[in-house]
Amino acid sequence: MTNPNLDPASGSLASLLAAMDCVALEVSGYDVRIVSAIPPWLDALSEADPRAVEVVSLLPFLEVFLNEAVAFWAGGSLGRLQSDFWTQTNSSNEEVHLLAFAAVIDGRQLIVIRSANDLYEERQRWQLYAHQTAIQLQLIERLKGELEKSSAALQAANDRLSELSIRDGLTGLYNRRHFDQTFQLELNRSMRTGEPLSVLFMDIDKFKVLNDTYGHSVGDDCLRAVAKVLADTVRRPTDMVARFGGEEFAVLLPATEAADAFLIATTINKAVRALDFPNKNSEVGPYVTASLGAYTRQPDGYRTMAQILESVDAALYRAKKEGRNRVIVATKLERLNDTHSGS
């Protein structure tokens, strides 16, 4: 490429521009002239477009950047204005990535253009890295969310399994093992605080007769119906209802005086009778009934779980012996000395 206005810069600036493979354009108003040696990449672009005799026509982006530079200088800015990358194709059909800077050097308004393939490729690498990093971060967040969901689901499953392990499969009430564990904790607390602790035992009267008459499926329905009565009647969060097995149930009533325990037992007895669940061959009556024994531990009462359970069991036995369908409250010294009669 040739230019009749060529006026190469001299001294260190010219050497620096040549070493950096740059071309320098001096701007006066909107006129542009080359003031440096012409680098090889600019010649190659000129060969690709022999009709472009002026640098502005050879480098189309200059028209826009020139306007930006003039406005930049008109505003009194003393710093440097940088263009974005742009790409052109040379005579060898190779892409050339260029970058321009506008600055005032030694009192002259210059636009310096350089071949920036290295910077362009570096930026592409960084953009690719940033893109890949963003994808990886999104993947990490997604995996984190899935892990949190999986952890929550696993915790829920473990909680469910833990809950199932302390529940009776047929009625949904607590099982004997959990009752015993909770009973011991409440007994320890009762001895520590001096608060009363009440316990109820309940049997469904003549349940074997019901099973023999209607079948075990109906017997299971009866157990579930009675369990619901117990759960609906005993509703305090600190109370516990458990199925001991067969037709036997237990109720734990922390911080409950004897009179209140008797009232709860009586309410349960009446609610079971109100179910009107048929048991036509029962000696007690044509409908299902329940017998209950109750015991309340006072500060001077029994100190072991075995003693308390034996006492309340003795009260239940007496309720059955005296005709069933009733509530019997154990005395402090009442113990079970006889064997149980049939249900």
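The values are calculated or read from the model by the stated rules, or taken from the named source; none is laboratory data. Here the structure is a predicted model, which means the values were calculated and not measured. Counting neighbours? That spans all protein chains shown, and the Cβs are built from the backbone with ideal geometry, glycine included.
Scanning the stretch 63-79 for residues that are surrounded by 12 or more Cβ atoms within 10 Å (Cβ to Cβ) and part of a loop (DSSP other than H, G, I, E, B) returns a single hit, Ser77.
Restricting attention to the stretch 229-250, the residues being surrounded by 15 or more Cβ atoms within 10 Å (Cβ to Cβ) and among the charged types (D, E, K, R) number 4. Selection of the stretch 276-300 for residues being free of Cβ contacts under 8 Å to residues at least 60 places away in the same chain and either in a helix (DSSP H, G or I) or within 28 Å of Glu257 (Cβ to Cβ) (or both) yields only Asp300. Among the residues of the stretch 86-112, the ones that are surrounded by 14 or more Cβ atoms within 10 Å (Cβ to Cβ) and under 55 Å from the mean Cα position of the chain (by Cα) come to 9 in all.
Cβ separations smaller than 8 Å between residues 6+ apart or across chains give the following pairs from the stretch 310-332 residues that are in the same structural domain as Ala294 (by TED's automatic domain parsing) and farther than 14 Å from Ser198 by Cα to residues that are basic (Lys, Arg) and assigned to a helix (DSSP H, G or I): Asn325/Arg273.
On the stretch given as the stretch 167-211, residues that are out of contact with any Leu (no Cβ under 8 Å at 6 or more places or on another chain), in a loop (DSSP other than H, G, I, E, B) and crowded, with 16+ Cβ neighbours inside 10 Å total 6.
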